[in-house]
Amino acid sequence: MKEGRVIPRVGEAIVLRTWPFQEADLLVSLFTREHGRVKGVARHAMRSRRRFGGALEPMTHVRASWAERPRQELVRLDAFEIVSSPLTGEIDYARVAALELIAEVLDELPEGAVEDAVFRLTLTILVELQVGRVWMPVTYFCLWMNRLMGWMPELGSCVVCGARLAGGPVWYSATTDGVTCADDRRPGAIALSAGSVAEAVRMFRGTVAGLAEEAWPKARGTELRHFAVELLERHLERRLLSARALARA
């Protein structure tokens, strides 16, 4: 392949973040369905809305056109067409914080790593956020991201002695793998109640559409969200600032 060859790309993508770049350009982080996370430059995006319009808002689902050259870190973003946006309709703090959390997690994925299951999960969650639901979809996203990335421990057995935990409670630590029974809990370990373990099992077995039929106030799943976020932070090796903002909602 010639070094200077331009490779055109077209596909589904989710806008994660944008930053000012040089004069009127924007640097954009995209999570694409077929090429994983890519980063590119939207030329003159701060001056002209013709090619991009409102499609550069975070977590907008778009059909993107871009071009790349071998061994170049940044692609050239040519045009976006909005498929859907979670920012349509009434916006509140909790929904914005949830969207920021999802974007922050996805933006930590390795560039170029194709994660179709993660892309499909994200689209499903964005549908729920678009209609105003927050606490169930964001909890579901955090749990399933851990599972899809291979970070979710087996909640039914103690990682130390192998004892069956029969639905909880279980103990976990932000610094070590697995969950334990009460006898083998590590210093500083946190309990995950039997109710939260049961909720996690339901989320892994059920569908978002089915779970959305139930009432999900903020108090429901608080403990489970904290557990899922701590797992994400441990494996991403960074604090998720948006998770703290969401907890204040």
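Add -39500 (n - 2.57) for each DSSP H run of 4 or more in the chain, then divide by its residues: what number comes out at 222 nm, to the nearest 500 deg cm²/dmol?
Values: 7 runs with 81 residues, N = 249.
So the calculated ellipticity at 222 nm is -10000 deg cm²/dmol.
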*Only Lys, Arg, Asp and Glu count, each charged at its Cβ (+1, +1, -1, -1), so figure out the dipole size of the chain about its Cα centre, rounded to 20 debye.*
500
*Which whole-angstrom value gives the distance between the alpha carbon centres of segment 75-120 and segment 7-25?*
12
*Cα gyration tensor of segment 8-153, axes a ≥ b ≥ c as square roots of the eigenvalues: rounded (a/c below 1.5), prolate (a/b > b/c) or oblate?*
oblate
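Taking loop as defined by DSSP and a crowding limit of 11 other beta carbons within 10 Å, which GluC sites (Glu not before Pro) in segment 123-228 fit? List each step's numbers first, then the result.
On the way: sites: Glu128, Glu154, Glu199, Glu213, Glu214, Glu223; in loops: Glu154, Glu213, Glu214.
Of the GluC sites (Glu not before Pro), the ones in loops of segment 123-228 whose Cβ has at most 11 other Cβ atoms within 10 Å are Glu154, Glu213, Glu214.
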*Once you charge only the Cβ atoms, +1 for Lys and Arg and -1 for Asp and Glu, what is the size of the charge dipole of segment 7-84 about its Cα centre, to the nearest 20 debye?*
120
*asked:* On C-alpha positions alone, give me the angle between the axis of helix 116-130 and the longest principal axis of the chain, in degrees, nearest 10.
replied: 90
*Which angle between 0 and 90 degrees, to the nearest 10, do you get for helix 93-106 versus the longest principal axis of the chain when only C-alpha atoms count?*
80
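Quantify how much of the Cα-Cα distance distribution of segment 85-232 extends past 20 Å, in percent.
Details: 5373 of 10878 pairs.
Here the tail beyond 20 Å accounts for 49 percent of pairs.
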*For the chain, the longest stretch holding no trypsin sites (Lys or Arg not before Pro) located in a DSSP loop with at most 15 other Cβ atoms within 10 Å is which?*
72-217
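No value in this document is a laboratory result; all are computed from the given coordinates. If you're wondering where the values come from, they're calculated on a predicted model, not measured in any experiment. Cβ sites come from the backbone with ideal geometry, for glycine too, and all protein chains shown count toward neighbours.
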